[in-house]
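A short worksheet on the structure shown next.
The values are calculated or read from the model by the stated rules, or taken from the named source; none is laboratory data. Since this is a predicted model, take the numbers as computed values, not measurements. Cβ: placed from backbone, ideal geometry, glycine included. Neighbour counts: every protein chain shown.
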Amino acid sequence: MSTTILAGRYQVIRPLGHGAMAVVDLARDIELDRPVALKRLAENLARDEDLRARFLREARLAARLAHPNVVRVFDVGVDGQRPFIAMEYVEGETLAEFVARRGRLSAAEAAGLGVQICTGLAAVHEAGLVHRDVKPQNLLLGRDGVLKLGDFGIALGTEGTRLTLTGTVLGTVGYLAPEQARGEQVTAAADIYAVGAVLYELLAGEPPHRAESLAELGRTGAFRTPDVSARARDVPPGLALAVTECLAERPEDRPLSAAALARRLAPFTSEAQTLSLPADPAVRATEILAPRDGLRGGRRPRRLALAAVVVAAAVAGLVVALATTGGGSPAKTRTGPPAAVVPPATGANAAAEAQNLAAWLRQNAAAKSR
């Protein structure tokens, strides 16, 4: 049986998981004789320079963190053409697996796990980072009861729920903050929204939103703040209020920081008197910005480039349509100069641009038929 050795150092033992973006294997660090979780960008994506850069950049940022509630990144490199990350191996299960096995949790259990999430996030935010993909699948619960936050924007993708277009939306639909889903500037307040979504799921036994796609999430009322006490009547009012505030549509209406949220949750845990809580940060969550992924090297974001292609194609198609007629009938003869075609209006986000383009096409198609 052949043995796979990556980068001359990591002996692959067995698979741990795989998805649309990456694969993860249990491996042994030969030099330090310790187990590691080895994540490699999917082979078909390794040729994408933007994704490779994101993968390595965010791993190197995460490697700066050393906190009990954050998965440690030990090493970052490239094997052949595929970048990899060697991370701390946590013996246990994901919070998603834990909840699937246990079902709805008590208020004390949920609050205790929430405090651990917030404590890890406080360290992440203090380092100037925004996670952008807090969800049960990215929270690892060790056999010792310690919860660790992993995957800084480079999580395994799940078909149908993972949104990975560089420069637009990064995250998982069920836990996306409204501003994140709209492709707007993301701050650390989006992580606090995601914590609220996780807490809601722990207490109610289901996520706060059931959307399966970004389009479905964008429907009117999709971000209506749910009331967890309506689903779980045994949740203390103060805990229910904290979850509700996390899920506020406006970032400024959410708790000021992960540390502040940890203090809100602490009284509802079974170990409130012995908890070590993070100190208040110098800045609010809304002041910690996630990087604009598409603005590297002076290039425009991919979504703008894609929009330009779509608009150009639409314009070209419309020009052809204006020059001919359908059904094989002869073209009308115009005596005057051709009417100027006004380009579609720009929008605040991708959804608005798509709506403007649709309206523009309808308007010009109607003009052609006259």
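Restricted to the stretch 229-248, and to residues there that are exposed (fewer than 15 other Cβ atoms within 10 Å of the Cβ) and modelled with pLDDT under 95, the residue that is nearest to Ala110 (Cα to Cα) is Asp234.
Taken over the stretch 88-103, the criterion of being touching a Leu at 6+ places or on another chain (Cβ under 7 Å) and under 17 Å from Gly196 (Cβ atoms) is satisfied by Leu95, Val99. For the stretch 107-138, a residue qualifies if it is of a type in the set (Val, Ile, Thr) and assigned to a helix (DSSP H, G or I), and the qualifying residues are Val115, Ile117, Thr119, Val124. Where strands (runs of 3 or more DSSP E) sit wholly within the stretch 23-106, those with at least 3 residues that are under 21 Å from Gln137 (Cα atoms) occupy 34-41, 82-88, 92-94. Put simply, of Gly103, Gly114, Gly128 the only residue that is in the same structural domain as Arg233 (by TED's automatic domain parsing) and surrounded by 17 or more Cβ atoms within 10 Å (Cβ to Cβ) is Gly114.
If you check Arg102 against the conditions, is it farther than 30 Å from Gln11 by Cβ, without any contact (Cβ under 8 Å) to a residue 60 or more places away in the chain and of a type in the set (Lys, Arg)? Criteria met by Arg102. Against the test of being in contact with a Lys or Arg (Cβ under 6 Å, 6 or more places away or on another chain), among the hydrophobic types (A, V, I, L, M, F, W, C) and not assigned by TED's automatic domain parsing to the domain that holds Ala189, the options Leu41, Leu45, Leu56, Leu65 yield a single qualifying residue, Leu41.
Does the stretch 216-223 contain any residue that is among the small types (Gly, Ala, Ser) and modelled with pLDDT of 90 or more? Taking every residue of the stretch 216-223 in turn, none turns out to be among the small types (Gly, Ala, Ser) and modelled with pLDDT of 90 or more. Selection within the stretch 1-19: residues that are surrounded by 15 or more Cβ atoms within 10 Å (Cβ to Cβ) and not in a strand (DSSP E or B). The member of this set that is modelled with the lowest pLDDT is Gly19. Count of the stretch 86-103 residues, restricted to those that are under 13 Å from Gly205 (Cα atoms) and of a type in the set (Gly, Ala, Ser), is 3. Looking at Val71, is it assigned by TED's automatic domain parsing to the domain that holds Arg263 and surrounded by 15 or more Cβ atoms within 10 Å (Cβ to Cβ)? Answer is no for this residue.
Once the stretch 15-66 is narrowed to residues that are out of contact with any Leu (no Cβ under 6 Å at 6 or more places or on another chain) and of a type in the set (Asp, Glu), the residue that is nearest to Ala123 (Cα to Cα) is Glu58. From the list Ala279, Ala307, Ala313, Ala260, the one residue that fits, being small (Gly, Ala, Ser), in a helix (DSSP H, G or I) and at pLDDT 90 or above, is Ala260. Answer with yes or no whether Ala66 is under 30 Å from Ala259 (Cβ atoms), free of Cβ contacts under 8 Å to residues at least 60 places away in the same chain and among the aliphatic types (A, V, I, L, M). Answer is yes for this residue.
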